Amino acid sequence: MDITLALGGGGAKGNSHIGVIRRLEKEGFRVRGVAGTSFGGLIAALYALGYAPDKLEETFASLDQTQFYGHLPNDGPSLIGLAGVTRLLEEMIGDITFEDLKLPCVLTAVDLKSGSEVLLKKGRVVDAMLATIAMPGIFPARYIDGLELVDGGTLDPVPVIPARMLAPRLPVVAVVLTQPMGVPPQTWRLPFERYWIGRMVSRVLSKTRYDSVWDIFSRSLDITSRAVTQYRLEMDRPEVIIRPQVYDIDTLDLVDVHEVTKRGEEAVEAALPQLRNLFTWRNRWRRSIGVYQQRSV
């Protein structure tokens with residue numbers, strides 16, 4: 001049962017992708033190509049490189065998440081740098097290129113100069129990974145071939161079309177980490193509250209009217225993000241959508257990787273009837289002539 005995966009972004013929530021992949025493998029599904037954006041792009045590239053889900057979970061669980069951030073000398077303007085993440089990826093991957101990967105893989109980013117989506121599928125994998133996770137304003141933009149690249153989720157939160165391009169005759173399974181529309185928006189914390197300066201700023205804001213301003217802004221941003229995700233899913237039409245229940249986790253939260261991974265496995269369990277339905281003889285035939293598509297929003 002061959003599929004392609006489209007792994008959406010969501011910061012710390014993205015650890016659930018590991019559980020999704022592991023459970024899919026256990027159920028007999030074979031991933032033949034993977035596209036990802038933001039944290040989903042990290043998991044996509046590492047999996048395509050050959051990291052098994054168990055190894056990914058072990059690796060991420062062993063890391064000190066408080067050491068991921070910090071500015072490097074040549075970073076552009078941003079609230080938080082990716083010094084720790086950069087060092088980690090260089091150690092894990094080094095100069096490996098997309099041509100060295102064991103699975104077809106594409107990561108997505110957005111070029112701030114042109115306002116267009118960019119598909120990253122050649123060159124150094126580390127450079128592409130740092131571009132796809134560059135949350136605008138939070139992390140520094142990444143410059144590749146004259147492009148000023150930021151998080152691909154800005155335009156395409158779940159890269160279904162890039163995944164379909166990797167293997168056009170295979171069904172795309174999209175892993176979505178945002179809440180559907182119609183659910184009350186979350187109140188986001190300041191993205192650097194784990195640092196002493198961030199906590200100080202937060203306390204100051206809480207004593208002023210700007211605390212309410214931030215609350216309004218953050219909830220509006222949450223609504224916009226969910227709306228873009230839903231509209232893209234309705235337009236791009238993945239065959240199956242898997243939604244791990246990770247909505248209580250903020251982008252930069254410190255998390256129990258094992259617990260978040262388990263949520264990904266549970267989401268696959270819930271989606272198994274739809275996944276198996278993809279491979280009935282009728283749907284195989286309909287897909288072979290290009291008329292079959294199924295959604296579960």
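Since every read-out is calculated from the coordinates, none of them should be taken as a lab result. Note that the structure is predicted; figures quoted are calculated from it, not measured. FYI the Cβ positions are ideal-geometry reconstructions off the backbone, even for glycines, and counts take in every protein chain you see.
Considering the zone a paramagnetic label at Asn74 would reach in this model (a point 7 Å from Cα along the Cα-to-Cβ line), which residues of segment 130-161 have amide N under 17 Å from it? What the label zone holds, given the 17 Å backbone N cut-off, is 130-131, 140-149. Kirkwood Rh, segment 47-96, all Cα pairs: how many Å? Mean inverse Cα-Cα distance, inverted, gives 12.3 Å. 3J(HN,Hα) along segment 72-85, derived from phi through the Karplus expression 6.51 cos²θ - 1.76 cosθ + 1.60 where θ = phi - 60°, amounts to 8, x, 9, 5, x, x, 5, 5, 9, x, 10, 4, x, 5 Hz, with x in place of Gly and Pro.
Normalised Debye scattering of segment 1-123 at q = 0.17, 0.18, 0.22 Å⁻¹ gives log10 I(q)/I(0) of -0.97, -1.08, -1.50, counting only Cα atoms as equal scatterers and leaving out solvent.
Each Cα pair of segment 53-167 feeds into the Kirkwood radius, which the Stokes-Einstein equation turns, at 25 °C and 0.890 mPa s, into a diffusion coefficient of 164 µm²/s.
If R0 is taken as 35 Å, the Cβ-Cβ distance between Arg169 and Ala83 corresponds to a FRET efficiency of 0.25. For the peptides 120-128, 138-146, the ranking by mean Cβ contacts within 10 Å, running from highest to lowest, is 120-128, 138-146.
Our estimate of slack between Leu112 and Ala270, defined as 0.36 nm per intervening residue step minus the Cα-Cα distance, is 53.1 nm. FRET efficiency for the pair Asp95 and Met1, taken as 1/(1 + (r/R0)^6) with r the Cβ-Cβ distance and R0 = 35 Å, rounds to 0.50. For segment 84-102 versus segment 114-133, the spacing of their alpha-carbon centroids is 13 Å.
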